[in-house]
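This structure is in structure tokens; I'll ask about it shortly.
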Amino acid sequence: MQLTDNITTIKGIGEKTAAAFAKLGVHTVDDLIHTYPRNYLSYGEPVDIKDTVIGERQAICAVISSYVDTRKVRGLTLTNITAKDHTGNIKITWFNSPFLRNVLHRGDTYVFVGTVKVKNNMRVMDMPEYYKLAQYQDMRQEMQPVYPLTSGLSNKTFQKAIISTREMIYSLEDYLPDEVKYDYSLMDISEAYENIHFPMNEAVLKNAIKRLAFDEFYKFLYDMGKLKAENIQIPNNHRIVQGKNVAEFVNDLSFSLTKGQQQAIEDILADMGSDNVMNRLVQGDVGSGKTVVAEAALFACIKEGYQGALMVPTEVLAKQHYEEISEMFDKYGIKTACLVGSTPMKEKRHIYEGLKSGDIDIIIGTHALIEDKVEYNNLGLVVTDEQHRFGVNQRKKLTAKGDAPHTLVMSATPIPRTLAIIMYADLDISVISELPRGRKPIKNCVVGTNYRNTAYKFIASQVEEGSQVYVICPMVEESETMDLTNVTEYTDTMKANLPSSVRVAMLHGKMKADEKNSIMDDYIAGNIDVLVSTTVIEVGINNPNSTVMMVENAERFGLAQLHQLRGRVGRGKKQSYCIFINGKESKESMDRLRVLENSNDGFFIASEDLKLRGPGDFFGIRQSGEMLFMLADIYNHADMLKIAQEILAKYGDNLGPTKSKIITSLNENAVL
Ligand code: ADP
Ligand code: MG
């Protein structure tokens, strides 16, 4: 078996299963072994019923204390029992499992494993797994991988497929020599793949994850080094010298720039007027005002007679930038257009023509900008906003559309300078460290679910005062269809709990782009008061009239992500509020969320989060939304990033990952 083989070469994988795998992007053996479990189930010591944590998957050991009651309700067969231990009772329900009547009996003792909830003041469990005590004790030591699944693909099938690749995993050749692994305590590559799929225990799993994170960073830095070598001192054939015009543009703004913004613009002008092409990153926390910096750069570029492009990760954001920028530049006679996936074909063609002929000065859009059909007349500057959502190759593809245009990337990922220098080795960096004046700090509170009604009342009163509200709805386990019902149901709940005059709308990932855009338009125009959504609004959206952000199930997010989310409010003059609802009754998650109450420093928040996480959190919640890596995270694995840099500096090309097939596929998978 070879890494490049199609997965149908694996015994037991036929056309049908292969089609299901394809939906997950798994086509080859290489893809398969790089699809890591998203979690591991381990079977812990059963806990007393009264000590079970609500909302958590728990094991209890209990006696069935009622008859096994099976009945039909609205087409569903429900099987109900009550079980007890010496500390309390729990009600257990299974759906459509009538056979259980013949399996479970009053007086039998079982270990039930499932998520504990409260209904009518009583602890309940739906659809738990059940085991005889002896059987359960046998399972205690194992860690079961849980893979990302899709319809037609079960976890069992997935596991079986991986097991068939084991021989090949054992025979993988490592590109790191033994002494390097020894010096840096890095696990062998075969061992790492073996253990990410079949962990012997938690300690070994952690080392496996570290090693694989290392490989991702190493490959990334290796590519980055190549890119840097290519980029260094490319002669500037779009010399832009527009200091005076830009000063006028800045003067015309309705506000005065912060120091950081000013400095960033100066850096950019110096770069674009120098002998070499610009490659610059502007880093600034959410709300620090990066857009206007990009606008100034684009303005200079157009004034010099070149075209400019601005690429953003979502259509909603593209439209918003487009509206702001086209309005702003109209009076200067600058022609702006917006190109996204959902742009009608006819309009697209029109835009392609305008770009080719040079009629359009500035194009704003999503990855639609890097499609083959797009050609430019004279592209002088390429800006990427929210750069962490793009892979290196996507950025490269856009710059390749011009003849060595200047590059400006903008990022809100809060990382300290030392890490930024490693991660963005190919870029010069400008940092905007302060927020615009006159912003009132956001007032934060972390509360339990029993605070919901108070929160609804507060939201109603803010709407009454003319403000708008974002609500991030509760999350269910990672199922997309569930997600939809979830947003819909929660939106209904919101409506029921707010005065009928409050206009509530929802936004979710399954919506068509047009639909999303029109809802966002309505929200920004003030025709919607409360916007219930999944995390789609996370990136970039700017509506200064939004004063409340309420996040349900805040405990499921990384703190840095919550920090980004709350950056959607506090953008105007009014006082803003953030309500984080903690859906878990544990002190641990409360303590973690409290960090947000006490700090506004994105990097501090991310590092505290790491410290406060308990054992058993193998992958760590992604902190940065950094999509370049499948498993590595700059916060969780900052040490591996540093080691990767050190090893690369020491061994350089002698040890190129190009020599190892195993990780060549990695960065290509960067998602958008
Ligand atoms: P981000 O850095 O998160 O992209 P934006 O560029 O969207 O932030 O800016 C957030 C808001 O702050 C916008 O409404 C913008 O007009 C405003 N803004 C930007 N710079 C200033 C400033 N110097 N003074 C006042 N408001 C500003
Ligand atoms: Mg922005």
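Bear in mind these aren't lab numbers, they're just calculated from the coordinates by the rules spelled out. Here the structure is a predicted model, which is why all the values come from computation and not from measurement. Don't worry about glycine lacking a Cβ; one is built from the backbone with ideal geometry, like all the others, and counts go over all protein chains shown.
Calculate how many DSSP beta bridges within the chain are antiparallel, expressed in % of all such bridges and rounded to the nearest 5.
Roughly 40 percent of the beta bridges in the chain run antiparallel, per DSSP.
Convert 20 °C to kelvin, take the viscosity as 1.002 mPa s, use the Kirkwood radius over C-alpha pairs of region 99-146 as Rh, and evaluate the Stokes-Einstein diffusion coefficient in µm²/s, rounded to a whole number.
Diffusion coefficient, whole number: 168 µm²/s.
Classify region 204-332 as rounded, prolate or oblate, taking a ≥ b ≥ c as the square roots of the eigenvalues of its Cα gyration tensor: rounded when a/c is under 1.5, otherwise prolate if a/b is larger than b/c and oblate if not.
Taking the square roots of the gyration eigenvalues as a ≥ b ≥ c, region 204-332 is prolate.
Provide 563, 321 in ascending order of the number of other Cβ atoms located within 10 Å of each residue's Cβ, fewest first.
Least to most surrounded, the residues fall as 321, 563.
If you take the Cα atoms of region 292-340, find Rg, then find the Kirkwood Rh from the mean of 1/r over all pairs, what is Rg/Rh?
0.94
Return the ratio Rg/(2.2 N^0.38 Å) for region 143-197, where Rg is computed over Cα atoms only.
1.42
Taking region 24-106, which chymotrypsin sites (Phe, Trp or Tyr not before Pro) meet the DSSP loop condition and have no more than 13 other C-beta atoms within 10 Å?
Those satisfying the criteria are 67.
List the extent of the Cα atoms of region 1-84 along each of their three principal axes, largest first, rounded to whole Å.
55, 35, 21
May I ask for the net charge around residue 525, where only other residues with Cβ less than 14 Å from the Cβ of residue 525 are counted and Lys, Arg are +1 while Asp, Glu are -1?
-4
Just to be sure I understand the model, the point goes 7 Å from the Cα along the line to the Cβ. What's the resulting residue 371 to residue 335 distance in nm?
That separation, rounded to one decimal, is 2.0 nm.
Can you tell me how region 486-556 classifies by the Cα gyration tensor, rounded, prolate or oblate, using a/c under 1.5 as the rounded cut?
Rounded, because the longest to shortest axis ratio a/c is under 1.5.
Next question, about the same structure. Determine, for 311, 127, 494, 550, the number of other Cβ atoms within 10 Å of each Cβ, and report the residues in order from fewest to most.
The order, fewest Cβ neighbours first, is 127, 494, 550, 311.
For q values of 0.09, 0.20 Å⁻¹, compute log₁₀ I(q)/I(0) with the Debye formula on a Cα-only model of region 114-243, without solvent.
So the normalised log intensities are -0.53, -1.26.
Contact order normalised by length for the chain, with contacts defined as Cα pairs under 8 Å and 6 or more residues apart; what percent is it?
Relative contact order, the chain: 13 percent.
Nearest 20 debye, what's the magnitude of the dipole of region 333-451 about its Cα centre given +1 on Lys and Arg Cβ and -1 on Asp and Glu Cβ?
440 debye
If each residue's Cβ is checked for other Cβ atoms within 10 Å, how do 220, 458 rank with the fewest at the top?
Listing 220, 458 from fewest to most nearby Cβ atoms yields 458, 220.
Please state the charge dipole magnitude for the chain, taken about the Cα centre, from unit charges on C-beta atoms (+1 on K and R, -1 on D and E), reported in debye and rounded to the nearest 20.
1800 debye
Still on this model: Percentage of Cα-Cα pair distances in region 372-453 greater than 17 Å, rounded to whole percent?
Of all Cα-Cα pairs in region 372-453, 63 percent lie more than 17 Å apart.
Continuing with the same structure: Using the Cα gyration tensor of the chain, with a ≥ b ≥ c the square roots of its eigenvalues, what is the shape: rounded (a/c below 1.5), prolate (a/b larger than b/c) or oblate (neither)?
Oblate is the answer for the chain, as a/c is 1.5 or above yet b/c matches or exceeds a/b.
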